[in-house]
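These notes concern the structure reproduced below.
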Amino acid sequence: MVHYRFPPASAYRLNRCLFALKSDDAFRSRFRADARAAMREMELDDADAAALLRGERDALVARGAHPYLVFMADLRLRMEREAVTFEYF
Amino acid sequence: MLVGAFACAHTPQLLARPETEDRELVLRVHAAFARVKRRLEALRPDAIAMIAGDHIEAFFLSAVPALAVYVGTECAGTFGRYRYRFPIHEPLARALVEAGIERGFDLVYTQDAPLDYAFYVPLHFTMPEPSVPLVPLHVNVYLPPQPTPKRCYEWGRALGEILGSRSERVVLMASGGMSHFPGTDRYASPEFDYDRRLLDLLSAGRSRELAAVTAEELDRAGNIELRTWITLLGAVGDAKADVYCYEPSWHHGNAVVEWPLAIT
């Protein structure tokens with residue numbers, strides 16, 4: 001597969017963290033308040049945490065993150081951080 | 001009995017309408033959804049059996065079912081400020097699980113999973129009032145290895161036979177696609193030509209050819225979600241598709257399609 005590959009077990013914690021950012025409002029709030037503490041809660045290792053803090057999609061995917069989870073975790077964070085205009089028309 | 005069959009896109013931008021989108025294009029897709037709603041009102045279904053691919057919302061890596069059926073009294077999902085709740089047609093859902101298992105499909109069922117936007121974005125625009133009870137049917141599309149297109153087609157054929165033996169009037173609706181590549185470098189360049197060739201095949205009633213496509217081909221064409229359509233095609237057989245719209249946006253091939261069925 002080129003675009004969506006089997007999620008390696010080595011990336012389980014990273015994918016679990018991205019899934020929580022996407023789908024768990026309470027976790028996303030904790031992440032926004034203190035990202036490092038939230039990532040410790042998810043037991044991310046230093047390299048995963050650094051890539052996530054920098055928002056480096058390619059690095060995250062190279063580490064086994066699922067591209068859709070990276071995409072949607074980022075979108076959900078931006079939806080809360082920025083005044084994204086919805087229902088524009 | 002199966003009284004109607006539809007397939008449609010579910011991109012959340014159709015619902016949320018952010019300023020990144022082409023207003024006229026989105027409104028044309030809304031108009032196609034409105035046609036589906038009018039058809040549903042005319043078909044008067046007792047249930048809508050909706051085949052959608054979970055976006056890693058209901059099922060995470062704790063357990064990844066290939067095929068699942070929601071068997072509860074209701075289902076609900078949220079996306080930002082959008083909140084949905086639908087009744088489930090429990091007797092039909094249970095019958096699909098039981099008859100599916102009996103036919104050799106090792107289905108997962110859930111009474112608890114949240115509803116993904118792949119279900120409620122199309123339903124936002126097409127669900128008649130009052131709500132028609134739903135039977136959500138999940139096909140794994142995002143977590144490889146997904147069920148093969150052939151297996152999806154076979155499950156769809158079984159679904160068609162099971163529904164055909166039931167007294168309820170049931171509409172099948174597939175939600176997914178067409179070409180898009182969320183989270184990848186290809187997000188802004190879907191394979192629109194692939195979509196158009198496919199819609200030509202479906203319009204010619206050659207849908208069984210889709211049972212033979214490979215997982216690799218679907219992944220390359222940004223059409224992993226087409227498994228939901230292929231499942232539906234197993235149930236509609238060689239009926240010819242009536243394409244309500246195909247609207248390629250900057251990130252998504254938005255299609256809305258009906259397979260008009262000869263109802264006996």
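Just so you know, all these numbers are worked out from the coordinates, no wet-lab data involved. As the structure is a computational prediction, the values presented were derived from the model and not from experiment. Quick reminder, even Gly has a Cβ in these numbers, built from the backbone with ideal geometry, and neighbours come from all protein chains shown.
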Residues of region B:159-185 with amide N under 15 Å of the 7 Å Cα→Cβ point at B:R197: B:179
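Can you figure out the FRET efficiency of B:A42 with B:E74, using R₀ = 35 Å and their beta-carbon distance, to the nearest 0.05?
0.85
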Segment B:E129-B:A204, extension gain: residue separation times 0.36 nm, minus the distance between their alpha carbons: 23.7 nm
Residue-averaged 222 nm ellipticity for the protein assembly as shown, from DSSP H runs of 4+ at -39500 (n - 2.57), nearest 500: -13000 deg cm²/dmol
Amide H within-cut-off set for B:Y244, under 5 Å, with H built and near neighbours excluded: B:V256, B:V257, B:E258
For B:M50, residues with placed amide H under 5 Å, excluding near neighbours: B:V135, B:L137, B:M173
Cα-based shape type of region B:1-103, given that a ≥ b ≥ c are square roots of the gyration tensor eigenvalues and the cut on a/c is 1.5: oblate
Total formal charge among the other residues, if their Cβ is under 11 angstrom from that of B:R17, Lys/Arg +1 and Asp/Glu -1: -3
For B:L226, B:L199, order by how many other beta-carbon atoms lie within 10 Å, fewest first: B:L199, B:L226
Span-like helix ranges in chain B, DSSP H, alpha carbon extent 24 angstrom or more, Kyte mean at least 1.0: none
Per-residue Cβ neighbour rank within 10 angstrom, fewest leading, B:M50, A:M72: A:M72, B:M50
Solution diffusion estimate, µm²/s, Stokes-Einstein, region B:90-155, Kirkwood Rh from C-alpha pairs, 20 °C, viscosity 1.002 mPa s: 154
Rounded to 5, the percent of DSSP beta bridges in region B:1-111 classed as antiparallel: 65
Anisotropy class of the protein assembly as shown from Cα gyration tensor, a/c 1.5 cut: prolate
DSSP beta bridges in the protein assembly as shown [antiparallel fraction, %, rounded to 5]: 45
Helix axis angle, A:12-23 relative to chain A longest principal axis, alpha carbon, degrees: 10
